[in-house]
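Colleague: First the structure, which I've put down as structure tokens, then a few questions once you've had a look.
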Amino acid sequence: SAQSRIFIRNGLVVNDDQSFYADVYVEDGVIKQLGTNLVIPGGARTIDARGRFVLPGGIDTHTHFQLPFMGTVAADDFYSGTKAALAGGTTTVLDFVVPEKGESLLDAYEKWRGWADAKVCCDYGLHVAVTWWSDQVAREMEVLSSEKGVNSFKVFMAYKDTLMLEDPEIYSCFRRCKQLKVLPMVHAENGHLIDIKSRELLQQGVTGPEGHLQSRPEECEVEATTRAITIADQAGAPLYVVHVMGKTAADVISKARREGKIVFGETLAACLGTDGTHHFNKCWRHAAGHVMSPPLRDDVSTPGVLMDLLANNDLQLTGSDNCTFNANQKALGKDDFTRIPNGVNGVEDRMSVIWEKGVYSGKMDPCRFVAVTSTTAAKVFNIYPKKGRIAVGSDADIVIWNGEATRTISAKTHHQAVDFNIFEGLTCHGVPEYVITGGSIVMDEGQLKVTQGLGRFVPTAPNSQYVFGRVSTRDQVLAPQVVDREPYSGPVVEIKPEYAPVISRHADNQIFPDHSAEFHNRPPTRGGVRNMQDSSFSLSGHQYDDNQPKRSGTKVSHPPGGKSTAFW
């Protein structure tokens, strides 16, 4: 019908690899023609994009709409969240299903679909978090990837006792992801250290939002990022590190990529547009409004360095981690920073913040902007070129972008349901004038007109070649080596019965042996006497010879200084 026809003229089309002047003709939600001197049917709506950029709609890789978390539910649901996304030029969001420990992944997935399908204003996909591990979870991952359109699974190394997995479970999950050719994702922070530091700070009287930052130092992110990359590499799996917040953690990812490891780093609008000094603000509400995990870093050079790394492909993708809570929700932690619901906004402002801090500052060109806000995400999550490109046959998710216009960000004017904005007062160049999602114009000359339920679920298929293209070859190159040799035919020592328990099994923890004896942790010597390398120290304070009768003296035939017959 004529209502579904849109003709965009005279704009500069920008993809991740090239930009060129061309006209775009859209019909029935798909780009039908691209070029100059197009012949189009009558009745199409014509938009003059002269002096504007024609971009693929943004893809936000990381949102948490309507998330039940820390005793409350995120303020932005799938309606207000996707409405805000469209207002900022994002036409696809990838949200997270987060099951409780012990909850079926399939049941949680259906719950999220039920929340989202009736509300979304733009297209969306789903990642699924793995918050516990069992054979059931492994089976459900296969169902989700083969039948439900999920090709990414996230593990948490933080949130001890609620969401966190231990290293052996993480390894098993990563191995399963590799088998299914789906992408493992990780929240990289050392949850055990954070738990210890949090309790220490509370005991020292630090209860405000500044405690959140101090309990999660950058070293916790660096250590966990290194560990996650190591586990994934040993499992032979690629890895996607979500919300990289610190410079040194980003350096770890960059170094791993140079070493040939298959690692992708996602950073956020939040840490590109502001910093963690706000944790120390005198206003509790302002400080609490910036609480998220990993935290915004208080090193004010961090945003600029992360943008440099993003511009030069040391980091590859951007999300918002949009998980918003109003003042009365944040107030759950008014006396204890560990109870402040973690999360900030960003889904509406991500594109403008990156344009301002990246393109307008001269750090990246418009093609790189398209890559980090849209195209790379489409490739990683296997929805390219349906999404992430202006091309014939691609979905008509298009943004007509004014790179010179400005807007000042404020909670008073944003489209989100939350009462706070971490970018408050920031003036950004880069504004969407028209936003088209699925062939429907939802922003028309700056006026937002969305329809609840207009969006569709976008399945993400396994085996993205952008991710797994070199995994099989890499496996062949790095396969374990077996040496073909003649079997050993010489003598083998006989194990004496008294040594068998020691030799047959090694302790799981070599520091604390299997048996409970305080001494004699080493086997006797070949002569049958106590091994003098054994320690006689005991944590209990007992001495090795406590059970022997005391002697008044010891006769020494040749003491130091000469022979003597006296008793000493």
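The values are calculated or read from the model by the stated rules, or taken from the named source; none is laboratory data. Fair warning: this is a prediction, and the values are worked out from it, not measured in the lab. Note that each Cβ is placed from the backbone with ideal geometry, even for glycine, and that neighbours are counted across all protein chains shown. Side chains included, ligands, DNA and RNA excluded: accessible areas come from the protein's heavy atoms. Shrake-Rupley method; radii C 1.70, N 1.55, O 1.52, S 1.80 Å.
Colleague: At 20 °C and 1.002 mPa s, grab the translational diffusion coefficient of region 93-140 from Stokes-Einstein with a Kirkwood Rh over Cα pairs, rounded to a whole number in µm² per second.
Modeller: In µm²/s, the coefficient rounds to 189.
Colleague: Which trypsin sites (Lys or Arg not before Pro) in region 346-455 pass both tests, a DSSP loop state and at most 14 other beta-carbon atoms within 10 Å?
Modeller: Answer by residue number: LYS412, LYS449.
Colleague: Using the crude model of +1 on Lys and Arg Cβ and -1 on Asp and Glu Cβ, and no other charge, please compute the dipole size for region 171-287 relative to its Cα centre, in debye to 20.
Modeller: 440
Colleague: Between region 79-125 and region 128-195, what's the alpha-carbon centroid distance in Å?
Modeller: Region 79-125 and region 128-195 have Cα centres separated by 19 Å.
Colleague: Something else about it: Any idea which of HIS127, PRO480, SER254 is furthest toward the positive side of the dipole for the chain, if Lys and Arg beta-carbons carry +1 and Asp and Glu beta-carbons -1?
Modeller: PRO480
Colleague: For helix 247-258, what angle does its Cα long axis make with the longest principal axis of the chain, in degrees from 0 to 90 and rounded to 10?
Modeller: The angle comes out near 90 degrees.
Colleague: Now for a separate question. Calculate the dipole size of the chain relative to its Cα centre from +1 charges on Lys and Arg beta carbons and -1 charges on Asp and Glu beta carbons; express the result in debye to the nearest 20.
Modeller: 660
Colleague: Calculate, in nm to one decimal, what SER410 and ARG113 gain on full extension: separation in residues at 0.36 nm each, minus their alpha carbon distance.
Modeller: Separation in residues times 0.36 nm, less the Cα-Cα distance, equals 103.8 nm.
Colleague: How many times 2.2 N^0.38 Å is the alpha carbon radius of gyration of region 331-465?
Modeller: For region 331-465, the normalised Cα radius of gyration is 1.22.
Colleague: Before I look further, what does the chain give for accessible area per residue, probe 1.4 Å, in whole square angstrom?
Modeller: Result: 45 Å² per residue.
Colleague: Here is a follow-up. Give the residue from HIS415, ASN382, LEU448 lying farthest towards the positive end of the charge dipole for region 372-453; charges sit on Cβ (+1 for Lys and Arg, -1 for Asp and Glu) and the dipole is referred to the Cα centre.
Modeller: ASN382
Colleague: Please report, for the Cα atoms of region 11-126, the Rg to one decimal and the Dmax as a whole number; what are they, in angstrom?
Modeller: In order Rg, Dmax, the Cα atoms of region 11-126 give 18.8, 59 Å.
Colleague: Moving to a separate point now. Please report, as a whole percent, how much of the solvent-accessible surface of the chain comes from carbon and sulfur atoms (probe radius 1.4 Å).
Modeller: 51
Colleague: From zero outward in steps of 5 Å, how is the percent of C-alpha pairs of region 266-336 spread across the bins?
Modeller: 3, 15, 24, 23, 15, 10, 6, 3, 0
Colleague: For a bin width of 5 Å, list the pair-distance distribution of region 61-176 built from all Cα-Cα distances, rounded to whole %.
Modeller: Taking every Cα pair in region 61-176, the percentages come to 2, 11, 22, 23, 18, 13, 8, 3, 0.
Colleague: What do you get for the angle between helix 218-235 and the principal long axis of the chain? Use alpha-carbon atoms, 0 to 90 degrees, nearest ten.
Modeller: 90
Colleague: Filter LYS101/LYS330; LYS101/LYS178; LYS255/LYS357; LYS387/LYS412; LYS386/LYS412; LYS101/LYS197 down to the pairs with a C-alpha to C-alpha distance above 26 Å, please.
Modeller: In this structure, LYS387/LYS412; LYS386/LYS412 lie more than 26 Å apart at Cα.
Colleague: Next question, about the same structure. Specify whether the C-alpha gyration tensor of region 127-265 places it in the rounded, prolate or oblate class, a ≥ b ≥ c being the square roots of the eigenvalues: rounded for a/c under 1.5, otherwise prolate if a/b is larger than b/c and oblate if not.
Modeller: Since a/c reaches 1.5 but b/c is at least a/b, the shape of region 127-265 is classed as oblate.
Colleague: Which of the trypsin sites (Lys or Arg not before Pro) across region 130-217 are loop residues per DSSP, with 10 or fewer other Cβ within 10 Å?
Modeller: none
Colleague: In nm, what is the difference between 0.36 nm times the number of residues separating SER104 and ASN281 and their Cα-Cα distance?
Modeller: Full extension of this stretch gives 59.6 nm more.
Colleague: So, one more: Tell me what the chain gives for mean residue ellipticity at 222 nm when only DSSP H runs of n ≥ 4 count, each as -39,500 (n - 2.57), the sum divided by the residue total, rounded to 500 deg cm²/dmol.
Modeller: -7500 deg cm²/dmol
Colleague: With the Cα gyration tensor of region 234-306 in hand, give its eigenvalues times 5 under a square root as the equivalent ellipsoid semi-axes, listed largest first in whole angstrom.
Modeller: Semi-axes (√(5λ), whole Å): 29, 12, 8.
Colleague: Enumerate by residue number the GluC sites (Glu not before Pro) in region 203-278 meeting two conditions: DSSP loop (anything except H, G, I, E, B), and at most 12 other Cβ atoms within 10 Å of the site's Cβ.
Modeller: Sites meeting the loop and neighbour criteria: GLU259.
Colleague: Follow-up. Consider all pairwise Cα distances in region 446-491 and report the whole-number % of them above 17 Å.
Modeller: 71
Colleague: Also, quick follow-up: If one takes the longest principal axis of the Cα atoms in the chain, at what angle in degrees, from 0 to 90 and to the nearest 10, does the Cα axis of helix 302-311 lie?
Modeller: 70
Colleague: Points 7 angstrom from Cα along the Cβ direction at LEU38 and GLN18: gap in nanometres?
Modeller: 1.7
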